[in-house]
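What follows is a single structure, written as structure tokens, with notes after it.
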Amino acid sequence: MALFGNLSTVRAQLIRRSVFDLSFSYLEDALRPGTAANKRVLGVGVGETNRVELGEGAFSLEQAYNTKLRAQGRLESHIQYIDIQVLLAGEEIMEVAEISTLKVSENLTPTKDLIFYHDSRATSPLRLSGLGATAVFYPTDGHMGALAIAESALVRKIVIKAPVH
């Protein structure tokens, strides 16, 4: 099931795999003010995403977006990748549910590693706020992110896609 907390707490909870070590080294660099990675993420235009290859099949999606109303969100999961989502700025609500409790609405695999689910009120909310707030979603975790807390706000986030195997 999903893990969440600050970056160092989540890192300590994950099973040691070289792809996670690589991912967290990149994240620590990106969170450090003034580094090239930090400047690149902070410079992403609203609504844009930069992809950065990390190695071992992992990649980063550096994003900037405005949060949205829950009615505009969609529950999703992934089969091939584990999501490590880390905030650099802003705050958002994410919702999570075990996929066995959800009903598939659209399965884009194998063309795209993305499965959408019908809305469910059986989700649990996570509030991510501030630099280094982290959530990890496994293939069994349906998740809906980018949800506004009170009103739409700018979020800068990195999503690491780490291969399951």
Hey, any hits in segment 113-133 for a residue that's closer than 26 Å to Arg16 by Cα and out of contact with any strand residue (DSSP E or B) (no Cβ under 9 Å at 6 or more places or on another chain)? no
Quick check: anything in segment 91-100 without any contact (Cβ under 8 Å) to a residue 12 or more places away in the chain and outside any strand (DSSP E or B)? no
If Ile158 satisfies all but one of (1) farther than 19 Å from Arg40 by Cα; (2) modelled with pLDDT of 95 or more, what's the number of the condition it fails? (1)
Tell me, please, whether a residue that is without any contact (Cβ under 8 Å) to a residue 60 or more places away in the chain and open to solvent by less than 40 Å² (accessible area, probe 1.4 Å) can be found in segment 52-74. yes
Residues of segment 1-24 being of a type outside the set (Val, Ile, Thr), more than 20 Å from Gly145 (Cβ to Cβ) and in a loop (DSSP other than H, G, I, E, B), which ones? Arg16, Arg17
Could you pull out the residue among Val46, Val41 that is part of a loop (DSSP other than H, G, I, E, B) and either modelled with pLDDT of 95 or more or open to solvent by 30 Å² or more (accessible area, probe 1.4 Å) (or both)? Val46
Which of the residues that make up segment 1-33 are under 14 Å from Gly132 (Cβ atoms) and of a type in the set (Asp, Glu)? Glu28, Asp29
Is it true that some residue in segment 25-34 is assigned to a loop (DSSP other than H, G, I, E, B), free of Cβ contacts under 8 Å to residues at least 60 places away in the same chain, open to solvent by less than 30 Å² (accessible area, probe 1.4 Å) and over 30 Å from Thr123 (Cα atoms)? no
Confirm whether Ile149 is in contact (Cβ under 8 Å) with a residue 40 or more places away in the chain, under 25 Å from Gly90 (Cα atoms) and surrounded by fewer than 19 Cβ atoms within 10 Å (Cβ to Cβ). yes
Out of segment 101-114, which residues are farther than 12 Å from Gln80 by Cα and part of a loop (DSSP other than H, G, I, E, B)? Leu102, Lys103, Leu108
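The values are calculated or read from the model by the stated rules, or taken from the named source; none is laboratory data. Given the structure is predicted, the values throughout are model-derived calculations rather than measurements. Every residue, glycine as well, gets a Cβ built from its backbone with ideal geometry; the counts of neighbours run over all protein chains shown. For the accessible areas, the whole protein counts, side chains as well, though only heavy atoms, and no ligand, DNA or RNA atoms are used. Shrake-Rupley method; radii C 1.70, N 1.55, O 1.52, S 1.80 Å.
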